[in-house]
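The values are calculated or read from the model by the stated rules, or taken from the named source; none is laboratory data. Just so you know, these numbers come straight off a predicted model, no measurement behind them. Cβ sites come from the backbone with ideal geometry, for glycine too, and all protein chains shown count toward neighbours.
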Amino acid sequence: MPRWLYSLLILAVIAPIISITHMFGGASQETAIFAFSILSLIPLAALIGNSTENLSYYVGSVAGGLLNATFGNAPEIIIGLFALQQGLITVVKASITGSIISNALLVLGGSLAFGGWRWGKQYFSNRDAGRFSAMMVMSIAGLLIPYTGSIIIKDQVRIENISIGISIILLVTYVLYLATTVFHVREDRRNPIRDKGRLTKPLRAEPEAEENGEKEVEAITGGVPPKEIGEIKPPTLWLTLLVLLVATLGTAWNSELLVDTITPVAKNLGWSTVFIGLVIIPIIGNAAEHSSALLVAYKDHVDLSMAIAAGSSIQVATFVAPVLVLASLFFPQHLDLIFHPIEMALLGLATILFTFTTMDGESTWLEGVQLIAVYIMACVVFFFWPG
């Protein structure tokens, strides 16, 4: 975790202090709480990620990867749960699609532009890109299929049942995705007929396959190569667990304050809650992860930037969204997977652009600028979304 993020941890206590002391009055009070609570998510999310990486030293890289995949999405899930509690269904859906779009367009585009401006043309494995593209297409299909079904099926109960069923399928697929990228389950099998001459040799993954697998694990573990986890001894186990607990509680507290102020701040500023959910929350909430992608691209590791961007989008679509759908069953208003047509169009467009940008195994800064341009055009539409 960069040192400058530690200095930002002071932001985690400012919003609670303002809320308790009522330092400001009226609209200024709500705006200040909104601003400081959402900015606090930057260091808190980084601290959660750093703590789970430290836990990998004690539990192993495999379990550490699973912990990082789970806690890495803690801010999105916690914000979603508080929003569900208050019945802000549109905000929850907007934050889901906003996270996917921002990762696929803004994060990847910024990485390609930043790294390409320094190094010129950059190269990465198109085999890895193909794996990520296929998983992203499947993930977006899990959100598109319920929408197409809702065109014919108008009964809300049936739509909710469809959303629950598809959420379970997405979660199972995500578990299998983790099994492949973290555990490398059944990746070393060979065709006995094709490899008849090599049956006497022990079956093992080829070096290139092992390298590709490591890159996918890096996408899940927040950009930290598994072979580097544990090389430097982290703090003691109890201290690591304490830091993780405090960071999670701080995220929960600030997320609750954030959700409480979304509606009044949107009204005071003339914004729509959809704009806040689609643009503001995803950009700020994933700022630490975004900075990691830019940093590694600047070091000419654009393949890792691509893995971070794609891995984050995949996690939101196949893990965060299904978890929130199932969790909403315990709230008065249930969440379904029926998104606005504009959101679906942008999700499909982001997936297509990601695929075409990465399919040739090389990139330039101009391709990054093009992705950013598409994202900014979408933000313009979101900004003028009726409140």
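A few notes on this one:
Residues checked against (1) touching a residue at least 60 places away in the same chain (Cβ under 8 Å); (2) touching a Lys or Arg at 6+ places or on another chain (Cβ under 7 Å); (3) on the phi < 0 side of the Ramachandran plot; (4) not charged (D, E, K, R):
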| residue | (1), (2), (3), (4) |
| --- | --- |
| Asp300 | yes, no, no, no |
| Ala310 | yes, no, yes, yes |
| Phe330 | no, no, yes, yes |
| Asp336 | yes, no, yes, no |
| Leu353 | yes, no, yes, yes |
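- Candidates Leu66, Leu81, filtered to the one that is in a helix (DSSP H, G or I), hydrophobic (A, V, I, L, M, F, W, C) and at pLDDT below 85: Leu66
- Among the candidates Ile262, Ile338, Ile342, Ile281, residue that is under 27 Å from Val157 (Cα atoms), of a type outside the set (Phe, Trp, Tyr) and part of a helix (DSSP H, G or I): Ile342
- Test: Ser305 is under 27 Å from Thr148 (Cα atoms) and either in contact with a Pro (Cβ under 7 Å, 6 or more places away or on another chain) or of a type in the set (Ser, Thr, Tyr) (or both): no
- Residue ID - modelled with the highest pLDDT, chosen from residues in the range 159-200 that are part of a helix (DSSP H, G or I), more than 19 Å from Lys93 (Cα to Cα) and not aliphatic (A, V, I, L, M): Thr173
- Residue match in the range 30-49 (condition: part of a helix (DSSP H, G or I), at pLDDT below 80 and surrounded by 22 or more Cβ atoms within 10 Å (Cβ to Cβ)): yes
- Selected residue [within 18 Å of Ile101 (Cβ to Cβ) and crowded, with 24+ Cβ neighbours inside 10 Å] from Ile284, Ile308, Ile280: Ile308
- Members of the range 1-29 found to be part of a helix (DSSP H, G or I) and small (Gly, Ala, Ser), listed by number: Ser7, Ala12, Ala15, Ser19, Gly26, Ala27, Ser28
- Per the listing Ser167, Ser95, Ser102, the residue uniquely among the small types (Gly, Ala, Ser), closer than 20 Å to Leu371 by Cα and out of contact with any Gly (no Cβ under 6 Å at 6 or more places or on another chain) is Ser102.
- Answer residue from the range 1-29, given it is under 24 Å from the mean Cα position of the chain (by Cα) and aromatic (Phe, Trp, Tyr) and is modelled with the highest pLDDT among those: Tyr6
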